[in-house]
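No value in this document is a laboratory result; all are computed from the given coordinates. Note that the structure is a prediction, hence the values are computed from the model and not measured. Here the Cβ positions follow ideal geometry from the backbone for every residue, glycine too, while neighbour counts run over all protein chains shown.
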């Protein structure tokens, strides 16, 4: 626009008109529910009687309760295992997939399937596979002369079992994304590294890993958030048990809200979940984003 | 000493044979340029020397030593890639010293070498920068420095100037020539740009379809082409090729060997034609001249001719003849004389 030409009213409001539809829905489905959640966390409400303002009581009650504290601890264990083991495995698998044998091709084609299957079915099938009496896993263990495990029926192995199932489900998707990133690395870089006498370790840490760091960073954040929201596998396979061995945050929220009708307690737990995920994401950005290589 | 010798080398991609039983010697200390159209196998040859795209069969010798099965890093060669292949996540210094680090060269020695090569290519002030903040010319220099720091016996270059703009390119050409003079190592340089080939090479290898068409000095490649392919590939604008004697003979002359005049001349081959187009290039002018249903390009220092009728003439010694198999008919041979008489006297009388 030329200097001196006055902006009309339409010029000023036009950009807002364009972003209005998007902002409207973001407000309706993201901002408003978040605010409502925070308000509810300060109220006592059983879905029927009028809500009563109780201040920080819900938070005090939650943090005073062993089940809640354990659910945070369990969620953290689950998230660390899912992100740590999951991303390492996916990266190694993706690097291995770079080769071009029939086994690689088969793996490439098959590995995405768990992602396509509904989590509900996956959890059901694995519940059967992990059955302590006649499940497939114990049968295999017995063939090799190893003792049976109780899998989801024991406090000691329940969490591990759930993690195995979730890893199995998530591995293909993560690997596919990392594999795609690896395929995008120009082959000349590897040839140059060959001429530079770089060994495999050095090639992986100096070339492959930095080159796929943007994708790894994105996966790190989405996987962390996803892990903190884990629910379906727990709901189907263990219902938080045995005892509270697999009690996680979202399952705790579910229980408070829909089984015990304690909306205030559920909302307070929800706010805690939101805060944990928010803080973690900020920490990731502060600590790691400088190490990520963007083109 | 760094002579490279190919012995019965073949290369297949899948079932497709790119190069078949090729023999070739690249002389020690030469600046050898491999040139040819896309897909002729020139880059494939270069990659075989580097060891990053090994031959399917045959042997490659460096200084008489069989390097066919030696890994790239142990061959004592360095390569500059077409897109430079600079490690984008490393700083300039890390890029240049990566090879030394992998070879466990001590830090002081590394620092000294990095300083030495980066000063010589003029990027010593960029060492801590990341490549994505640098220009094409600067990246080119990093790639050169990375190759130089290894003090290789052979420099391999795969169209290293093709990503630069015209001005930078001609500057880098001069620098590469100087670099070659200074280092006195063998340079093997792949390009499809004949100006690069002619200006830098001490020796040109012209390839087509995986075969060596002609291997000669730039001067001989230009003046004494052994076949029509060479004659037409080298030179800009292209060699004029006229079909004569019922397509049995190709009658050729270079655009700059044609004389233009308003009056008929008494040179051997003189025809009357018409200027159709005129392209001013500054120092010289290109004319397209049509005569007897054919069209030829003429390069002249004189830009005063206007579109319209003109006489063109070519001296006898500037005429090259190729037979029906596109092979040269040796100048000064009796056969050459006979054909000249037929063409000069009958076909275009």
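Taking the Cα of residue B:224, stepping 7 Å toward and past its beta carbon, and measuring to each backbone N in the stretch B:8-38: which are under 19 Å? Answer for the stretch B:8-38: B:25, B:27, B:33. Taking the C-alpha atoms only, the angle from helix B:166-183 to the longest principal axis of chain B is near 60 degrees. Legend: calculated FRET efficiency, residue B:295 to residue B:132, from the Cβ-Cβ distance at R0 = 30 Å, rounded to 0.05, equals 0.05. How far is helix B:107-121 tilted off the main Cα axis of chain B, in degrees rounded to 10, range 0 to 90? So the inclination is approximately 20 degrees. Going by the alpha-carbon gyration tensor, a ≥ b ≥ c the square roots of its eigenvalues, is the stretch B:58-193 rounded (a/c under 1.5) or, if a/c is not under 1.5, prolate (a/b greater than b/c) versus oblate? In terms of gyration-tensor shape, oblate.
Between residue B:281 and residue A:5, the FRET efficiency estimated from the beta carbon spacing at R0 = 45 angstrom works out to 0.45. Dividing the mean sequence gap of close Cα pairs (under 8 Å, 6+ apart) by how many residues the stretch A:62-291 holds gives a relative contact order of 29 percent.
Using only alpha-carbon positions in the stretch B:237-347, the gyration tensor eigenvalues give semi-axes of 25, 14, 13 Å once each is multiplied by 5 and square-rooted (largest first). Here the spin labels are modelled as points 7 Å beyond Cα on the Cα-Cβ line, and at residue A:112 and residue B:236 they lie 4.5 nm apart.
Based on C-alpha pairs under 8 angstrom that are at least 6 apart in sequence, chain B has a relative contact order of 16 percent.
Peptide packing for A:134-142, B:45-53, A:278-286 was compared via the average number of neighbouring C-beta atoms within 10 Å per residue; ordered from the highest value, the list is B:45-53, A:134-142, A:278-286. Shielding value for B:79-85 is 4, the average number of Cβ atoms from other chains within 10 Å of each residue's Cβ. Ranked for footprinting exposure by Cβ neighbours inside 10 Å, fewest first, A:220, A:189 give A:220, A:189. You can think of it this way: the chain between residue B:15 and residue B:101 has 27.0 nm of extra reach, that is 0.36 nm per residue less the Cα-Cα gap.
On full extension, the segment bounded by residue A:16 and residue A:229 gains 73.3 nm, given 0.36 nm per residue less the C-alpha separation. Relative to the current alpha-carbon distance between residue A:205 and residue A:98, full extension at 0.36 nm per residue lengthens the span by 36.9 nm. Here r is the Cβ-Cβ distance between residue A:284 and residue A:29 and R0 is 22 Å; the resulting FRET efficiency, rounded to 0.05, is 0.35. Spin-label model, residue A:85 to residue A:143: label points 7 Å out along the Cα-to-beta-carbon direction sit 2.2 nm apart. A crude spin-label estimate for the pair residue A:187 and residue B:109, with each label 7 Å from Cα along the Cβ direction, gives 3.4 nm. When each of the peptides B:221-233, B:255-267, A:87-99 is scored by the mean number of other C-beta atoms lying within 10 Å of its residues, the order from highest to lowest reads B:221-233, A:87-99, B:255-267.
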